[in-house]
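Since the structure comes first, as structure tokens, the remarks are kept for the end.
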Amino acid sequence: MSTNPSDPHSAVDDFNSLGIRTNEARPRIIRQAAARKAELLQRQRLATGNGNIDNDVTRLCLTLYKVLDPRRRMTPTERALLSQLEPIPLIESRWVHPRSRQQPKRPAGQRHGFGAVAYESLSTGQANFPDPDAPLPTQWQLFLERWVIYARQRVIWAALFLALLVGMLLARQLHVRKIASDAAQPRHIPSDSVNTSTAPDLVSPEPVSPEPVSPEPVSPAPTAPEPDPELPPLPPVPEEFSQLLADLQAYVEPFTKPLTESGSDQAMGSDPQTGSDVATGSDSAEEPAAPATDLPPPDTTVPVVAMPAEPADPDPPIELPGKPAKPADDALATARQRLLNLLADRPAAVTEAGRELAVDDILDMRLGTAQGSADYWVISEVAAERLIGLGKFQRAAGLIADLEQQYDIQPPELTQSITTRLAKSAQTLAEHRQLVRWALVCSERFLQSERFDAASEITRTVLPSLGKVNDPALRTQLSTRRDAIVIMRRMSETTQRIMQAHSLDDVSNNDATLVGRYRCLMLRDWSAGLAWLAQASDPRLAQAAASEILWLGKPDSSISEAVELANTWLETGKRLHGRMNDSARLHAYDILTAAAADLPVEQAGGLEAGELQQQIETLRKELGDLLPGDTATSPNPAAPPAVAPAAGLAPVGMGGRLLIDGQDRGAAIRYEPGTVIDQNTITKILRALGQPVAPAVLEFQGTLRLEKATTVQIVAAGPPAGNGGQLVRVNRQAQALVASVRGESVTLDLPAGLHHLFWRVDTKQLNQGFFFVVDVQTEQRLPVQMPANIKPLPADLQINLISGR
């Protein structure tokens, strides 16, 4: 075996002979391995009986000595660890180089660089390392060590607390001693400072001797100082100021006189009840009883201020009449049941116009009802519910606002209660659809007034109705609205903080963008947010807002400028999403409608005006339900169109209906002017409806379009003249018919434009009836078109009355 310490092969062989790894540097492990090796040799000796193991033990000792040699460690840490724990002397090899013997050992102070630092750290710091061969501490030792550390960290705070407590006790004791010493010392109390009127017990019982009169003459009372002749004279007081002082003195005197008199009485020390003089101490006055205990005299140096006397009872405050409270629930339930029983006896209206007239009849009942009563509340509430079912949201909101002004209730409370009641009673798809549309309208109104809780509650109420309708368009709108409520709630808080901390002069572009987006695109308050949006960091939004501010500042703007501004907002809205996109399109629609309303009369028939109207109609169709109130042209996309005639009917003609006993029988009739109607026609219509033959009434209405002022003749044939069997109205004005060769007629001079025609004929005594319009100058019949505002009838029966020519 090689004994060279620097021989790597010998190092590996030494570690392998001990049965440990080459990177093991802990002496405890090395000694344990050597002990096991020695024990193994001893067992082999006992087992074999061979006593010649001295060479093996010698080799083991040499190997152990070489393994524990620090020079055989490759890293300074291993060498330091081994040398600190096991101070092993150097191994004298058989041959040492002469240079190593002659080279002196350099001290640690002459070392430089990393070597010096490593040497110092290894020679000083490593001495504090714990012995790795020491046994591990027990649980009790660890517990005691942790407890000592805990107590040592908190002993300072405990000492500070005790010092503070001792200081407080000492200060309190010193203060008590000072108070006792001050109370023991006598004090002089001036007699003129004692108020005898309020504290008669404190006056000495001995009679007060009068003050000795001085023989010297008494000096007169001091008078006003004479003016110094050397000083310049004061300017005279103006008469206005003197008069003001006199008026002020006269005004204050009635209030100060009672106080002065009472104060003087108390100063004189007179008893108002007995009239005895307390302060003079006369012989007739009885001596007060001595106090039971000796108490220190109170401090009477502070004079007692006399409080002014209570004035007379002031005038009672004027009580303004407040709003009456909401009637009780029992009274409302009784009134509602009474109203429903009354309405049950009336015939049910079939058409939308008839149902709206029925609502007007319900509202007429309020004329004989006292405001503030339960009947008045229920009548308005039921009328609002039926208007919601008809889609007349503006009128319903007006009735609710009227109740909110007359009764002491919160604005969202009544709207929420009506919506909840309608959600529980809705049965048909039409009712559920109208309820969802009503929730969209109300939530929009609540959002614009920043009532986010009410908007969230009313949209949550109609979620079951939305599931029953299964309308994708309404589902998208309601989902967008619910997302907008959450977003606007967060943006509102941030906007308020920004507007409280900044103004338009010192706000940053990012903050201006946030405020402008919230005020204009979310809250839709464009007048309050355009100035903020003009300073936005988004260049397109800022440019559009600045252009609109310039457009609003021009007194005479053209149609082309309005159209260009609207197109700018439409293009800007394409980059936005959700409610912001809808707000941009709605704002463009408002700009176009405002430009059309301000259009001069001489430009109304021009090409630009026509293009403007066409763009408005196109945008109105795109917006649909987004338009506020009842202005939406397609409130119900799933239902039949509301402005067109019944399906399959041409737009030319007059729309009509058939009534029996005042009730619409649900037939959509298109009448071509000039077609003859007789009893056979009436019988066929009744059979198609499944109704028995009975007297009926036909009502037709249409629109006459004139390109220029024209003289027209309206010819109507019906029952015999004079019995009121037919009625003709032009532009809602009844016309006096004159008998002619072909029935009855009337001649009118009508201007250019659209004119509404109405013809009502009773079929009870009808032989042959017809209706048409003739141009008097050309003697040609004029076409009559279906009215634009006619509503589709609920029945699927469609009847065409067309002449066979």
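Would you say GLU431 is in contact with a Pro (Cβ under 7 Å, 6 or more places away or on another chain) and in a helix (DSSP H, G or I)?
No.
Conditions tested, residue by residue: (1) aliphatic (A, V, I, L, M); (2) at pLDDT 85 or above.
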site: PRO692; (1), (2): no, no
site: VAL697; (1), (2): yes, yes
site: GLN701; (1), (2): no, yes
site: LEU704; (1), (2): yes, yes
site: GLU707; (1), (2): no, yes
site: GLN713; (1), (2): no, yes
site: GLY724; (1), (2): no, no
site: VAL730; (1), (2): yes, yes
site: GLN735; (1), (2): no, yes
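Determine whether SER547 is touching a residue at least 40 places away in the same chain (Cβ under 8 Å), more than 30 Å from ASP453 (Cβ to Cβ) and assigned to a helix (DSSP H, G or I). Outline the logic, then answer.
On the way: touching a residue at least 40 places away in the same chain (Cβ under 8 Å): no; more than 30 Å from ASP453 (Cβ to Cβ): yes; assigned to a helix (DSSP H, G or I): yes.
When the stated conditions are applied, SER547 does not pass them.
Restricting attention to the stretch 486-526, which residues are out of contact with any helix residue (DSSP H, G or I) (no Cβ under 9 Å at 6 or more places or on another chain) and either part of a helix (DSSP H, G or I) or surrounded by 13 or more Cβ atoms within 10 Å (Cβ to Cβ) (or both)?
ARG490, GLU493, GLN496, ARG497, GLN500, ASN510
Determine which single condition PRO472 fails, assuming it passes every other condition in (1) assigned by TED's automatic domain parsing to the domain that holds LEU414; (2) in contact (Cβ under 8 Å) with a residue 12 or more places away in the chain; (3) under 25 Å from LEU627 (Cβ atoms).
Answer for PRO472: the failing condition is (2).
State all residues of the stretch 571-589 that are without any contact (Cβ under 8 Å) to a residue 40 or more places away in the chain and not small (Gly, Ala, Ser); if no residue qualifies, say none.
GLU571, THR572, LYS574, ARG575, HIS577, ASN581, TYR589
Filtering the stretch 658-685 down to residues that are out of contact with any strand residue (DSSP E or B) (no Cβ under 6 Å at 6 or more places or on another chain) and among the small types (Gly, Ala, Ser), which residue is surrounded by the most Cβ atoms within 10 Å (Cβ to Cβ)?
Filtering the stretch 658-685 for residues that are out of contact with any strand residue (DSSP E or B) (no Cβ under 6 Å at 6 or more places or on another chain) and among the small types (Gly, Ala, Ser), the one surrounded by the most Cβ atoms within 10 Å (Cβ to Cβ) comes out as GLY666.
When the stretch 742-760 is examined, which residues are found to be under 14 Å from PHE771 (Cα atoms) and part of a loop (DSSP other than H, G, I, E, B)?
ARG742
The values are calculated or read from the model by the stated rules, or taken from the named source; none is laboratory data. In this text the structure is predicted, and so the values were computed from the model without any measurement. Note that each Cβ is placed from the backbone with ideal geometry, even for glycine, and that neighbours are counted across all protein chains shown.
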